[in-house]
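Before any comments, here is the structure.
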Amino acid sequence: MQTLRRKNRSLPLVLDALHYLSHATVQQVYDWLNRPSTLREVSMSSVYRSVHLLQKAGLIKPLYFNENQASYSLRQPGNQQAHFVCTDCNRVRILAFPALSPWESLVSEQLGEAFQVHYSNFNVFGLCDRCNLEKQECDVPLSVQSF
Ligand SMILES: [Zn+2]
């Protein structure tokens, strides 16, 4: 970590951002670091460079909630996360799964003991409560909406 800090002063800031945000895209990290109340400016290239170095060092991991961009979260061995991803608004909620070891043990069962799982990433996709409510309100037939 010391060698990483010497190379890039924004590394601890990016780590703090990911700790606070839980998971975030590079743009979300950039926006959070440059929010007006911080009175500081961190360049987008510094955020990209930090994310690249942190991922290379194994301290953060990419999570692909959609095919367009990765979100990143701190890598915590033994602490697996599951996520509910809204396909409409892209809001992500962390699910309180104690562990995903049954999924990980399936890897050994199906692929063999020579395969070693480092971490797993379990995502469930659907509509969040807000988007689902909006959709239901839009689906109400016109004759019911009047009066
Ligand atoms: Zn939603």
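The values are calculated or read from the model by the stated rules, or taken from the named source; none is laboratory data. Please read all numbers here as calculations on a predicted model, not as lab measurements. Every residue, glycine among them, receives a Cβ derived from its backbone with ideal geometry; neighbour counts consider all protein chains shown.
Within the range 49-65, the set of residues being farther than 15 Å from residue 23 by Cβ and exposed (fewer than 15 other Cβ atoms within 10 Å of the Cβ) comprises 52, 56, 57, 58. Within the range 116-125, none of the residues are under 24 Å from residue 13 (Cβ atoms), in a strand (DSSP E or B) and modelled with pLDDT under 85. Comparison of 93, 75 shows that the only residue that is surrounded by 10 or more Cβ atoms within 10 Å (Cβ to Cβ), modelled with pLDDT of 75 or more and within 13 Å of the ligand (Cβ to nearest atom) is 93. Residue selection: residue 142 fails the criterion of being at pLDDT below 65 and touching a strand residue (DSSP E or B) at 6+ places or on another chain (Cβ under 6 Å).
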